[in-house]
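Accompanying notes for the structure given below.
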Amino acid sequence: MTSKDIRDKFIRFFVGKGHKEIAPAKLVPENDPSTLFTSSGMQPLVPYLLGQLHSEGKRLVDSQPSFRAEDIEEVGDNRHTTFFEMLGNWSLNDYFKKEQLSWSWEFLTKKLGLDKEKLYVSVFGGNDSVPKDLESFEIWKSLGVTQDHIFFYGVEKNWWSRSGPPDKMPEGEIGGPDSEVFYDFGTPHDEKYGSNCHPNCDCGRFLEIGNSVFIQYQKTTGSLKEFSQRNVDFGGGLERLTAAVNNTSDIFETDLYKPIIDAIVQLIGKEYEADNKPAMQVIADHMKTATFLIKDGVVPSNKLQGYVLRRLLRRSATKFYQLTKNMKFLAEMIEVYNAILSIYDGLYGIEKRETSDINLLEENYKVIFDEMNRFGKTLSAGFHKIDRMEQIDGKEAFDLYQTFGFPYEVTEELFRLKGQEINKEQFRVEFEKHRELSRTASSGMFKGGLADHSETVIKYHTATHLLHQALRDILGPTVFQKGSNITHERLRFDFSYDKKMTDEEIKKTEKIVNEKIEEDLKVDHLIIPLSKAKELNAIGLFDEKYADQVSIYGIGPKYQLNPKAKDRRSRRGYYSLEFCGGPHVEHTAVIGKIKIVKEEAISWGIRRIRAILKS
Ligand code: SER
């Protein structure tokens, strides 16, 4: 059975049980500033699991591309990947344990034809505040699962929330006990992992292929309480299901990876065997993840998603280099990329390409090629240096990062293979020192949101500050920036607020901004101690790590202070005062006039405004 058959069967099966198929979200969440990547099928559905009504009803199903950056270092065995497709079905306060466990069992054993004898299940064993899940235990037994195939585990294994076990859940987070299904490949147990083998053993004999979470708890101050609805959140990795159905314990042998491995084998002239395997698994996984990230708009950089992408590509290049000891692989790397496209041809907006002509390559491949090529130029020099080093300390690891572009984690891994640990704290100290130096007045935290530093973009940027303050005037001080993106055509501003703005509020906001523009307020750039900025009540993201001296922009001071307004405490007469790296116009009249063209919700509690400049 192919992976495509399994994906299709899953969707069809749950559609047959009254579910609506929904479109998967992008790998980089568009509407959730709290997280960098979509890492599970439930993540885009959080607002609905919390109670918001979904337009498609209470039963949903999809296949969600997911990325778990925290698993980067786990890759390099038969079953770990950073990218996976999560088959998911959800009940939004509709059916619960009985239906969920029966249906998932029916799907696995009847639709996929998995041998019941090879399936094991785990159930929550209870803790201080949540009882043992005897209900699920009884349901599994009634489905014919024998007691020796049912295992109880505690919160570390059988509790699921986005933040992990109950003590790690922040206030408001939802989660609950879960029940997992494992496939037994029957491979011999490795005692390195403990004297007894069991479904959650790491020896590779058992593979978790599905997880039903019963979201029925919410964290309140310090404790868990029964949540107002009882949701089901099921997720099963397609890669692992495909491995189980085909009874191959190595997911890299399935049709979701084999073409990529074959292309790597072809490219470097080495077999997928023995010691070559981990490096090839890393390349196959990382290049696939990179392809998906780039498709969803990420470009390599030193920040956030861009840094993760850079790390994936540089780690792939390092593995190629370790396997070949030269850079020749770069010339033919397109074949690896083509293999990835061929696997997903027609899915998730991916189309296979028929050309290997370097001049006809699509932009997305060029991003991969350019990053690996640039890094490749220093890679052999870096390896040359490493080969001559007997010891490495954190400072030298930083030099390798600074001079040759070796991400810390890559250097750490290379030296670990030589049996050495690097002093990470020392690396961090060097890194921070460097960061402070480069955090000049012009390196602002919103810089990423500006398309460039052209005149128009700068006007929009200053208008955004006025808008931010005007929104706080109209809607209150709970309004904070959650995101900003400025192009030549418009400003886009995301902020915290839990209601739709009325037409009147929108008009008033727009009016204030235009009045401030007309008043021709002066824009000041201040570099002041962090403590002073806080004292002045400058708005900004305080959870960012700041240097001692911070960069603030103040718009004023023609504005007359209104001592009664809550939000304008002792601001030296500035109307707007915000942490920012700039750049901004010198005085507001040059902006012209703004018009708010759209106000909409982008996620639970976050609104988005689009505005344009009118001359
Ligand atoms: N959210 C659960 C998981 O990621 C089930 O979908 O395992």
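The values are calculated or read from the model by the stated rules, or taken from the named source; none is laboratory data. Here the structure is a predicted model, which means the values were calculated and not measured. Because the Cβ atoms are built from the backbone with ideal geometry, glycine has one as well, and the counts that use them run over all protein chains shown. Heads up: the accessible areas ignore ligands, DNA and RNA and are worked out on the full protein's heavy atoms, side chains in. Shrake-Rupley method; radii C 1.70, N 1.55, O 1.52, S 1.80 Å.
Panel note: the C-alpha atoms of the stretch 309-412, placed on their principal axes, show extents of 49, 25, 20 Å (largest first). Computed on the chain, with alpha-carbon pairs under 8 angstrom and 6+ residues apart, the relative contact order is 9 percent. Over all orientations, the stretch 247-398 has a Cα convex hull whose mean projected area works out to 10.5 square nanometres. Taking amide H atoms as placed 1.01 Å from N in the peptide plane, the amide H of residue 550 lies under 5 Å from those of 528, 530, each 5 or more residues away in sequence or on another chain. Sorted from longest to shortest, the spans of the Cα atoms of the stretch 225-307 along the three principal axes equal 58, 40, 21 Å.
Other residues with beta-carbon under 12 Å from the beta-carbon of residue 142 carry, at +1 per Lys or Arg and -1 per Asp or Glu, a net charge of +1.
Which value, in Å², gives the accessible area per residue of the chain when a 1.4 Å probe is used on the protein heavy atoms? Before the final figure, lay out the partial values.
Working: 27770 Å² over 615 residues.
Roughly 45 Å² per residue, with all protein chains present.
Over the chain, what percent of the accessible surface lies on carbon and sulfur atoms, probe 1.4 Å? The partial results should precede the final answer.
On the way: 13300 of 27770 Å².
Percent of accessible area from carbon and sulfur atoms in the chain: 48.
Ranking 109, 123, 40 by how far each Cα lies toward the positive end of the dipole of the stretch 4-128 (charges on Cβ) leaves 109 at the top. Applying the Karplus relation 6.51 cos²θ - 1.76 cosθ + 1.60 with θ = phi - 60° to the stretch 163-179 yields 3J(HN,Hα) values of 9, x, x, x, 5, 9, 6, x, 4, x, 5, 10, x, x, x, 10, 9 Hz, where x marks Gly and Pro. Kirkwood-type hydrodynamic radius, the stretch 157-312: 18.7 Å, calculated from all non-identical alpha-carbon pairs. Which whole-number percent of Cα pairs in the stretch 471-532 have a distance greater than 17 Å? Taking all Cα-Cα pairs of the stretch 471-532, the fraction more than 17 Å apart is 60 percent. Shape summary of the stretch 93-243, radius of gyration then Dmax from alpha carbon positions: 15.6, 46 Å. Solvent-accessible surface of protein heavy atoms, probed at 1.4 angstrom with all chains present, puts 2, 509, 109 in the order 2, 109, 509, largest first. Using a cut-off of 20 Å between Cα atoms, the listed pairs 508/534; 511/595; 17/58 include 508/534 as exceeding that distance.
Among DSSP beta bridges whose residues both lie in the chain, state the antiparallel percentage, nearest 5. The partial results should precede the final answer.
Numbers: 72 of 80 bridges.
Antiparallel bridges make up about 90 percent of those DSSP assigns within the chain.
Relative contact order, whole percent, for the stretch 1-112 stands at 27, derived from Cα pairs under 8 Å and 6 or more residues apart. Based on alpha-carbon centroids, what's the gap between the stretch 134-194 and the stretch 1-46 in Å, whole number please? So the separation of the two Cα centres works out to 22 Å. Remark on residue 450: its backbone amide H falls under 5 Å from those of 486, a criterion applied only to residues 5 or more positions apart or on other chains, H modelled at 1.01 Å from N.
Rg of the Cα atoms in the chain, relative to 2.2 N^0.38 Å, amounts to 1.07.
Sorted from largest to smallest, which semi-axis lengths in Å does the alpha carbon gyration tensor of the stretch 25-112 give for its equivalent ellipsoid, taking the root of 5 times each eigenvalue? All intermediate terms of the calculation are to be shown ahead of the outcome.
Working: eigenvalues 121, 88, 17 Å².
Equivalent ellipsoid semi-axes, largest first: 25, 21, 9 Å.
With helices as the sole contributors, the chain gives -11000 deg cm²/dmol at 222 nm; each DSSP H run of n ≥ 4 counts as -39500 (n - 2.57), and the sum is divided by every residue. With every protein chain in place and a 1.4 angstrom probe, the accessible-area ranking of 413, 73, largest first, reads 73, 413.
Residue-wise HN-Hα couplings along the stretch 256-271, as the Karplus relation 6.51 cos²θ - 1.76 cosθ + 1.60 with θ = phi - 60° gives them from phi, are 7, 10, 3, x, 6, 4, 4, 5, 5, 4, 4, 5, 9, x, 10, 7 Hz; Gly and Pro carry x. The alpha carbon convex hull volume per residue for the stretch 144-188 rounds to 110 Å³. For the stretch 200-215, 3J(HN,Hα) computed residue by residue from phi via the Karplus equation (6.51, -1.76, 1.60; θ = phi - 60°) reads 8, 5, 8, 6, x, 6, 9, 10, 6, 10, x, 9, 9, 9, 9, 7 Hz, glycine and proline entered as x.
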